[in-house]
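*Asks:* Let me give you the structure first, and then I'll get to my questions.
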Amino acid sequence: MTNDEQLRRQLGEMRRSYGDIGLIEANLPDNPFTLFRQWLAEASANAHIVEPNAMVLSTSDLTSRTVLLKDLTEAGFSFFTNYNSRKAQAIEKDLRVSLLFPWYVMERQVIITGQAKRLSENLSDQYFATRPYGSQIGAWASTQSEVLASRKELENRVEEYKERFPEGSQVPRPSHWGGFVVTPVSVEFWQGRYSRLHDRIRYSNDENSPNKQDVSRWNRIRLNP
């Protein structure tokens, strides 16, 4: 058997038996934010999950990447990035995005679909001020998603900005860096179950609501696994 054949056989035989903990509608809240906060707290308390706030952001250019959830309000899920980056440019062209929280250890995932928009400059300023000094300098030094000739080129720019903004001084937020908030249209909770009979519960905005982005009104349905 060749290495390729062995690998294909191994992939075909990879299986995991999931548990009996399921999602019962009678026990679920009416608002998905309530359930998400509960799941996030449980993921944060799990020592085997390295970054519970890590989420996979997918944009209309068919690209996915991992970003970090940095704020959660009834307005939506917020993250921060370079506005000149590939993901930010994709969002500017098409506001529709999806977010995926892959909590494999807990046999759970959450998929959020919605629209992204820039956070206010004030909110971006507030968050930037809380970042570690090195991260603040990095936001200035990195021309994110652009071609880099060498690691040394990046390190040289870091040193230049360290001289411009010495440690201990106030580092201003670059105008090209800030936040996005994703206002959800749907939030799907997935819980692994035995025999691949997984539980999938999707919350979506009430179509009869005068404002479809009114996050206080949600429909809840069960989907086939």
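The values are calculated or read from the model by the stated rules, or taken from the named source; none is laboratory data. For clarity, every value in this text was computed on a predicted model and none was experimentally measured. In this analysis, Cβ positions are derived from the backbone assuming ideal geometry, glycine residues included, and neighbour counts consider all displayed protein chains.
*Asks:* Pairs only if they're at least six apart or on different chains, beta carbon under 8 angstrom, first in the range 14-26 and closer than 20 Å to residue 188 by Cβ, second modelled with pLDDT of 75 or more and among the aromatic types (Phe, Trp, Tyr); list them, first residue then second.
*Replies:* Going by the 8 Å Cβ cut-off, the qualifying pairs are 18/194; 19/194; 23/189.
*Asks:* Residue 80 versus (1) assigned to a strand (DSSP E or B); (2) surrounded by fewer than 17 Cβ atoms within 10 Å (Cβ to Cβ): which is the lone unmet condition?
*Replies:* So residue 80 meets the others, but not (2).
*Asks:* Give the range 58-77 a look and list any residue that's assigned to a strand (DSSP E or B), crowded, with 20+ Cβ neighbours inside 10 Å and either more than 9 Å from the chain's Cα centre (by Cα) or of a type in the set (S, T, N, Q) (or both), or say none. Even if it seems obvious, please write down each step before you answer.
*Replies:* Initial filter on the range 58-77 (assigned to a strand (DSSP E or B)): 58, 64-68, 71-73, 76-77.
Among the residues that remain, those that are also crowded, with 20+ Cβ neighbours inside 10 Å are: 76-77.
Result: 76, single match.
*Asks:* So, in the range 107-139, of the ones that are touching a residue at least 24 places away in the same chain (Cβ under 8 Å) and more than 28 Å from residue 75 (Cβ to Cβ), which residue ends up surrounded by the most Cβ atoms within 10 Å (Cβ to Cβ)?
*Replies:* 137
*Asks:* Further question on the same structure: Can you pull out the helices (runs of 4 or more DSSP H) entirely within the range 106-179 that have at least 3 residues that are among the charged types (D, E, K, R) and either in contact with a strand residue (DSSP E or B) (Cβ under 9 Å, 6 or more places away or on another chain) or at pLDDT 95 or above (or both)?
*Replies:* Details: elements: 121-130, 133-141, 151-164.
In the range 106-179, 151-164 are the helices (runs of 4 or more DSSP H) which contain 3 or more residues that are among the charged types (D, E, K, R) and either in contact with a strand residue (DSSP E or B) (Cβ under 9 Å, 6 or more places away or on another chain) or at pLDDT 95 or above (or both).
*Asks:* Of all residues in the range 187-209 being touching a residue at least 24 places away in the same chain (Cβ under 8 Å) and surrounded by fewer than 17 Cβ atoms within 10 Å (Cβ to Cβ), which is farthest from residue 98 (Cα to Cα)? Can you show your working first?
*Replies:* Initial filter on the range 187-209 (touching a residue at least 24 places away in the same chain (Cβ under 8 Å)): 187-194, 196-201, 203.
Next, from what is left, pick out any that are surrounded by fewer than 17 Cβ atoms within 10 Å (Cβ to Cβ): 194, 196-197.
Values: 194: 27, 196: 24, 197: 24 Å.
Within the range 187-209, the match that is farthest from residue 98 (Cα to Cα) is 194.
*Asks:* Scan the range 90-105 and report the pairs whose first residue is surrounded by fewer than 15 Cβ atoms within 10 Å (Cβ to Cβ) and at pLDDT below 95 and whose second residue is part of a loop (DSSP other than H, G, I, E, B) and not hydroxyl-bearing (Ser, Thr, Tyr), with Cβ atoms within less than 7 Å and a gap of 6+ or a chain change.
*Replies:* Within 7 Å, the pairs are 105/46; 105/48; 105/49.
*Asks:* Follow-up question, since we're still on this one. State which residue is surrounded by the most Cβ atoms within 10 Å (Cβ to Cβ) when the search covers only the range 9-57 and only residues that are hydroxyl-bearing (Ser, Thr, Tyr) and not in a helix (DSSP H, G or I).
*Replies:* Of the residues in the range 9-57, the ones hydroxyl-bearing (Ser, Thr, Tyr) are 17-18, 34, 44.
Retained after the next criterion (residues that are not in a helix (DSSP H, G or I)): 17-18.
Values: 17: 9, 18: 16.
Looking at residues that are hydroxyl-bearing (Ser, Thr, Tyr) and not in a helix (DSSP H, G or I), I get 18.
*Asks:* Next question, about the same structure. Going by the structure shown, is residue 90 outside any strand (DSSP E or B) and in contact with an Asp or Glu (Cβ under 6 Å, 6 or more places away or on another chain)? Walk me through how you get there before you give the answer.
*Replies:* Working: outside any strand (DSSP E or B): yes; in contact with an Asp or Glu (Cβ under 6 Å, 6 or more places away or on another chain): yes.
Criteria met by residue 90.
*Asks:* Looking at the structure I just gave you, is residue 188 in contact with a strand residue (DSSP E or B) (Cβ under 6 Å, 6 or more places away or on another chain) and of a type in the set (D, E, K, R)?
*Replies:* Details: in contact with a strand residue (DSSP E or B) (Cβ under 6 Å, 6 or more places away or on another chain): yes; of a type in the set (D, E, K, R): yes.
For residue 188, the condition - in contact with a strand residue (DSSP E or B) (Cβ under 6 Å, 6 or more places away or on another chain) and of a type in the set (D, E, K, R) - is met.
*Asks:* Any idea which residue in the range 1-55 is farthest from residue 101 (Cα to Cα), counting only those that are polar (S, T, N, Q) and in contact with a strand residue (DSSP E or B) (Cβ under 7 Å, 6 or more places away or on another chain)?
*Replies:* Within the range 1-55, the first condition is being polar (S, T, N, Q), and the residues that meet it are 2-3, 6, 10, 17, 27, 31, 34, 38, 44, 46, 53.
Narrowing the set further to residues that are in contact with a strand residue (DSSP E or B) (Cβ under 7 Å, 6 or more places away or on another chain) leaves 31, 53.
Numbers: 31: 18, 53: 8 Å.
So the residue we want is 31.
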